[in-house]
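Student: Would you mind keeping the following structure in view while I ask a few things?
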Amino acid sequence: MSMEKGEVGYGQQRDEIAYRQHQDDIEYRRQVVNTYKPDVERLIRYLPWLEEKAGHNVAETFEGSGIKGSSITFPVYDSTLMSFIKELQRTTLLDRNYPYIYSRHRIRTLQDEVKMIDRAGIKDMDILKGILSKYALGGMTKARLWSEAVYNSIFLKVIRKMKENLEFWDKPMV
């Protein structure tokens, strides 16, 4: 079976497809870097504080003025945590559809979250975004979630992993 001039063999066709997929992959990674990098750069300044507060409580319960006997108590958060949350709300890193990420990837426990964070690559930034969103958005209605995210290093691990993924495919962030 000889090939006519101008015909493309199976091997060459396969190579061309692989080359196009590789170029698409590079373009996708470049797009992810350009999408996430500005927001992650805004949050990395909180990494030292998140490292310092990991394993510590960052909220106290307000019980002054005899409130405990006549009303419900409420948490008073560390001012840096509130700054972090406000900065996070100004980014595109929050996804109100985070429950879908959790169900699609079968994330049910803190251990599942940590495992997903550790395994996440550049193509899994939506998973990191979903985990971040659960705590940031959920903390607006469930007082304990922000404190848990700091105590269990979820915010720290997610921001660190996003930074690591972006730096792998682009220049280091300061």
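Student: Does the stretch 51-61 include one or more residues that are modelled with pLDDT of 90 or more, under 17 Å from SER133 (Cα atoms) and surrounded by 11 or more Cβ atoms within 10 Å (Cβ to Cβ)?
Tutor: For the stretch 51-61, residues modelled with pLDDT of 90 or more, under 17 Å from SER133 (Cα atoms) and surrounded by 11 or more Cβ atoms within 10 Å (Cβ to Cβ): absent.
Student: Please go through the stretch 136-160 and pick out each residue that is open to solvent by 50 Å² or more (accessible area, probe 1.4 Å) and aromatic (Phe, Trp, Tyr).
Tutor: The answer is TYR151, and nothing else.
Student: Mind checking which pairs have a first residue in the stretch 31-50 that is within 18 Å of LYS86 (Cα to Cα) and a second that is part of a helix (DSSP H, G or I) and among the aromatic types (Phe, Trp, Tyr), Cβ under 8 Å, 6 or more apart or different chains?
Tutor: What qualifies is LEU43/PHE84; TYR46/PHE84; TYR46/PHE155; TRP49/PHE84; LEU50/PHE84; LEU50/PHE155.
Student: In this structure, is ILE85 at pLDDT 90 or above and in contact with a Lys or Arg (Cβ under 8 Å, 6 or more places away or on another chain)?
Tutor: When the stated conditions are applied, ILE85 does not pass them.
Student: What is the residue count in the stretch 102-123 for residues that are under 23 Å from ARG30 (Cβ atoms) and without any contact (Cβ under 8 Å) to a residue 40 or more places away in the chain?
Tutor: 1
Student: Within the stretch 105-117, does at least one residue satisfy the condition of being at pLDDT 90 or above, open to solvent by 50 Å² or more (accessible area, probe 1.4 Å) and among the hydroxyl-bearing types (Ser, Thr, Tyr)?
Tutor: yes
The values are calculated or read from the model by the stated rules, or taken from the named source; none is laboratory data. It should be emphasised that the depicted structure is a prediction, and the values quoted were computed from it without experimental measurement. Ideal geometry is used to build each Cβ from the backbone, glycine not excepted, and the neighbour counts take in all protein chains shown. Ligands, DNA and RNA are stripped out before the accessible areas are found, and what is left, the full protein with its side chains, is counted by its heavy atoms. Shrake-Rupley method; radii C 1.70, N 1.55, O 1.52, S 1.80 Å.
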